[in-house]
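Peer 1: Input: one structure, supplied below.
The values are calculated or read from the model by the stated rules, or taken from the named source; none is laboratory data. Nothing here was measured: the structure is a model prediction, and the numbers come from that model. We place every Cβ from the backbone using ideal geometry, glycine too, and count neighbours over all the protein chains shown. Ligands, DNA and RNA are stripped out before the accessible areas are found, and what is left, the full protein with its side chains, is counted by its heavy atoms. Shrake-Rupley method; radii C 1.70, N 1.55, O 1.52, S 1.80 Å.
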Amino acid sequence: MDDARRRQLTDIVAAKAGVDVACAARHLALHDDDVAAALRGIDIERFTLTQRLLNKYRRDPEDALQHVALAVLQHEDIRSDSVLRLERIAALAPPVAGVVMLAEWLAYVDWEGFDSALYANIDAVAAFIGGALDLPEVAANLLQARDAAVFETRRPALAAAALLFIERHTTQFP
């Protein structure tokens, strides 16, 4: 590759990633002048896995929440077939454990339905929603009214609040 083309690629990577030319050139060299691979490398260097997931899935907060929870489970090697799964999740840092618990509970709502989910760790889920996420009305609905329609209308706000919570505690996530 000639110098003019290499400079052009370096300028493209630097502009797209918002880094200096030296960083762009280093990543292009590491990735054999593959622009897409260099951009991914820069992201991996600059952002944690959780931050990259939030950036990628931000348009759908609940999807982002599920991806972050899955990343935590994989990072901690917590498998679904583990007898000690709940104990291992509870042993995580409290913000991380709360997010994983919430994500799993929301997935349970999708798999088994709202009525069944009301019997799956609901006290802990409601405490996390009312306390850490500061959504006491959603928590009260789960514990008292138990109204699926009301919950579904508040579910997007719940997922958005969870993402904000993750962003505030991002250093505790992988």
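Peer 1: Heavy atoms of the protein only, probe of 1.4 Å, neighbouring chains included. What is the accessible area of ASP123 in Å², nearest 10?
Peer 2: Number for this one is 110 Å².
Peer 1: What does the accessible area of THR153 come to, in Å² to the nearest 10, when a probe of 1.4 Å is used?
Peer 2: 100 Å²
Peer 1: I've got another one for you. Out of (i) 1.13; (ii) 0.95; (iii) 1.57, which label holds the value of Rg/Rh (Cα atoms, Kirkwood Rh) that was computed here?
Peer 2: Answer label, from the structure shown: (i).
Peer 1: Carbon and sulfur: what percent of the chain's accessible surface (1.4 Å probe)?
Peer 2: 54 percent
Peer 1: Applying 1/(1 + (r/R0)^6) with R0 = 45 Å to the Cβ-Cβ distance of LEU118 and ARG52, what FRET efficiency is obtained, to the nearest 0.05?
Peer 2: Step by step, r from the Cβ atoms, then E = 0.85.
Peer 1: What number comes out for accessible area per residue over segment 70-174 if the probe is 1.4 Å? Units Å², please.
Peer 2: That works out to 53 Å² for each residue.
Peer 1: When all protein chains stay in place, what accessible area (Å², nearest 10, 1.4 Å probe) is found for GLU62?
Peer 2: 40 Å²
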